[in-house]
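None of the figures in this text is laboratory data; all of them are computed from the coordinates on show. On a predicted model such as this, the values are computed, not experimentally measured, just so you know. For neighbour counting, all protein chains shown are included, and Cβ atoms are generated from backbone atoms with ideal geometry for every residue, glycine included.
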Amino acid sequence: MIANNRRSFLGKGLTSAFVLTSGLGILSSCNNDKKETGIDRSLKIGEKQHQKLKVSFSDKIQKTPLFQLPLPYGFDALEPYIDKETMYLHYTKHHAGYVKKMNAALEEMGLKVDNVEQILSSASKYPAKLTNNAGGQYNHTLFWTFMKPNGGGAPSGNLSSAIDQEFGSFENFKKTFQDTAMSVFGSGWAWLICDNDKKLRIVKTANQNTTIADNAKVQGLPLLGLDVWEHAYYLKYKNLRKEYVENWFNIINWNTSEKRFDSII
Ligand SMILES: [Fe+2]
């Protein structure tokens, strides 16, 4: 069902130009006159190693910038399932905080990268102060696109077929995904990913770990992800994570998931 044409991870992705208009320009200009550092060499080694991995990343998917993209809808657009105040704090404080700290770490380290994927693909080589915040930027940038007003329902097309094939039915998938989200101990995420073997899998990551890191327990391209940090729901749902997880299915933007899947099969 799923095609076998695998794309080499980051082959084109790491070399493709990504024009940045903020922080990176400053970082670049700061580093133009520097000789290659140990970190630069480490990054190059990480890139070479990662090109050997099978992770299916599509060069059709835009890499994650080092700055915060605009929220694709208003803070109140996902009411009543996610309240306006939670969205405001989540985007302007929590997500923005990760971006700020990621760029501060890059500057402190004198590390020049074009996108967040470059950091995460060598996550095992970098300190937590960089990778945790880069993960926060990656995960949240995706998270906003996995939701939309009047979303929900079920996916269609290739993704629908693949879900039926892998999980038996959409309802089975939904239950497994929700159970996984409920099983996250403390802070973390639940994901639907397409793994190295083009197989759909439901996994969880702790804190701001990602499924694209070179040291991820299970690697794969995220097709859908749910933030189950308390900052994502506590104002409205208090300790009732289950209610949040169930309601979230009313605002899923399946178009995003379908496009991401179609780009790698
Ligand atoms: Fe979050």
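Checked against (1) surrounded by 19 or more Cβ atoms within 10 Å (Cβ to Cβ); (2) of a type outside the set (D, E, K, R); (3) within 16 Å of the ligand (Cβ to nearest atom), Ser121 meets all criteria but (3).
Taking the conditions exactly as written (of a type outside the set (Val, Ile, Thr), surrounded by fewer than 19 Cβ atoms within 10 Å (Cβ to Cβ) and in contact with a helix residue (DSSP H, G or I) (Cβ under 9 Å, 6 or more places away or on another chain)), does Asn158 satisfy them or not?
Taking the combined requirement at face value, the residue satisfies it.
Selection within the range 142-177: residues that are within 16 Å of the ligand (Cβ to nearest atom) and of a type outside the set (A, V, I, L, M). The member of this set that is farthest from Thr64 (Cα to Cα) is Phe146. Tell me the helices (runs of 4 or more DSSP H) entirely within the range 214-265 that contain at least 3 residues that are within 28 Å of Lys198 (Cβ to Cβ). Output list reads 254-262.
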